[in-house]
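Contents: one structure, followed by commentary.
The values are calculated or read from the model by the stated rules, or taken from the named source; none is laboratory data. Please read these numbers as outputs of a predicted model, since none were measured by experiment. Cβ placement follows ideal geometry from the backbone for every residue including glycine, while neighbour counts extend to all protein chains displayed. Side chains are part of the model used for accessible areas, which takes the heavy atoms of the whole protein and leaves out ligands, DNA and RNA. Shrake-Rupley method; radii C 1.70, N 1.55, O 1.52, S 1.80 Å.
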Amino acid sequence: MLRHRLAPALILPLTLGALTLGAAQAQSGTQPTELRLGVFPNVTHAAGLVGVQRGIFQKELGGVKLVVKEFANGSQINEAFAAGAIDAAYVGPGPAMNAFMRGVPIKVYAGAANAGAVLVARKDSGVRNVKALSGKKVAVPTRGSTQDISLRHLLHENGLKATDEGGTVSIVPIDPANMPAAFAAKQVDAALVQEPWGAVMESQGAKLIVNEKGIWANGNYTTTVLVVNTTYASKYPTALRGLLRGHLTAIDFIKRSNAGAQKAVAEQIYNFTGKRPNTNELFRALARTKVTWDINLSTLGEYAQLNKEAGFARDVPDLGRFVDLSVIRGLAK
């Protein structure tokens with residue numbers, strides 16, 4: 001297994017001319033030489049982190065070399081897919097939907113996690129509820145991220161709007177792993193962020209304002225999906241099945257061994273970021289995250305409406321074309 005970190009400055013801009021490059025590394029025949037997988041250092045990507053750290057993906061892929069590429073947010077993932085720099089990735093449904101509707105050749109082949117995101121505020125910010133976010137700065141991973149869309153929906157439910165909608169709440173994009181430092185420097189007042197970074201900030205004194213169930217749909221909403229370049233998937237179905245078998249095996253391991261999952265997730269997050277969440281933080285983070293390959297298509301459809309409501313898309317995707325769970329359902333039997 002090889003691992004690379006893609007610096008944002010080195011990722012090519014999203015252009016339709018690069019869309020056919022998704023399987024550029026593939027050679028003719030039934031197997032590619034490699035599979036380039038994108039993943040974030042977040043607990044909502046636990047299946048990916050465990051699959052990488054424990055060598056599960058490489059075992060299932062056999063002679064196909066796994067190349068792991070770390071990303072910080074969905075915007076970087078979309079740019080990498082468009083540039084042909086990756087073949088598959090764990091990513092939030094919001095960015096995936098937006099890329100799909102812009103013509104990027106990707107499809108969701110599995111869910112990865114439900115919930116696993118919280119709203120926290122600095123202890124000295126004066127924020128005790130969502131309404132108190134008026135006039136405050138709130139961090140999200142990136143513009144158009146799943147957390148950005150969720151935050152805007154929470155604000156609307158509480159009679160507030162973001163400043164770019166004519167409201168009073170400033171939304172600030174910050175990579176999740178950098179949010180604890182941003183809190184310490186008082187650069188922002190609150191954050192809607194994936195775990196374990198919410199738990200990390202809590203351990204540093206931040207207050208939990210809305211838990212994972214209060215963000216939306218009582219926690220029954222997809223936070224992370226596994227998407228694959230459609231050219232790669234159709235040309236190399238054996239590699240696709242190997243990836244999905246690894247995904248299922250990693251999920252099963254997480255469900256069977258909380259301690260083992262904590263160790264693997266902590267190690268891979270450290271490999272990516274140089275920051276290692278402690279046992280208490282990871283226990284809390286995993287408790288707030290449901291790791292699952294399944295997707296509630298009903299709430300995903302509602303989420304697509306929220307994405308449109310937030311102004312990140314003019315329409316909603318055709319879920320029949322955007323999501324294909326047939327392969328993983330067959331493997332999960």
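Counting heavy atoms of the protein chains alone, SER150 has an accessible area of about 10 Å² for a 1.4 Å probe. Take every DSSP beta bridge whose two residues both sit in the chain; close to 50 percent of them are antiparallel. Extension gain, GLU267 to LEU297: 0.36 nm times the residue separation minus the Cα-Cα distance gives 7.5 nm. When each of the peptides 141-148, 203-210, 286-293 is scored by the mean number of other C-beta atoms lying within 10 Å of its residues, the order from highest to lowest reads 141-148, 286-293, 203-210.
A 1.4 Å probe run over the chain, with the rest of the protein chains in place, finds 39 Å² accessible per residue.
Dividing the helix sum by the residues of the chain, where each DSSP H run of 4 or more adds -39500 (n - 2.57), gives a mean residue ellipticity at 222 nm of -11500 deg cm²/dmol.
Backbone phi angles across region 92-98, fed through the Karplus curve with coefficients 6.51, -1.76 and 1.60 (θ = phi - 60°), yield HN-Hα couplings of x, x, x, x, 4, 4, 5 Hz in residue order; Gly and Pro are listed as x. Remark: accessible surface ordering of ASP294, ASP315 (largest first) is ASP315, ASP294, probe radius 1.4 Å. Structural descriptor for the chain: relative contact order 27 percent, calculated from alpha carbon pairs under 8 angstrom and at least 6 residues apart.
Taking all Cα pairs closer than 8 Å and separated by 6 or more residues, the relative contact order of region 200-333 comes to 28 percent.
Once all protein chains are placed together, HIS156 keeps about 60 Å² accessible to a 1.4 angstrom probe. Dimensions of region 217-303 based on its C-alpha atoms, expressed as ranges along the principal axes with the largest first, amount to 42, 31, 25 Å. Evaluating 6.51 cos²θ - 1.76 cosθ + 1.60 at θ = phi - 60° for every residue in region 314-320, the Karplus couplings come out as 7, 8, 10, x, 6, 5, x Hz, glycine and proline recorded as x. Counting every alpha-carbon pair across the chain, the share separated by more than 39 Å comes to 8%. On the chain, 48 percent of the accessible area sits on carbon and sulfur atoms, based on a 1.4 Å probe.
For the residue pairs LYS59/LYS255; LYS65/LYS290; LYS136/LYS207; LYS137/LYS207; LYS186/LYS275, the C-alpha atoms sit more than 22 angstrom apart in LYS65/LYS290. For LEU35, the amide hydrogen comes within under 5 Å of the amide hydrogens of LYS65, LEU66, VAL67, counting only partners 5 or more places away or on other chains and with H modelled in the peptide plane. Annotation: amide H-H contacts under 5 Å for LYS161 (H modelled 1.01 Å from N, sequence separation of 5 or more, or interchain): THR168, VAL169.
Accessible area per residue was computed with a 1.4 Å probe on protein heavy atoms; TRP197 scores about 10 Å². Scaling against 2.2 N^0.38 Å puts the C-alpha radius of gyration of region 59-163 at 1.34.
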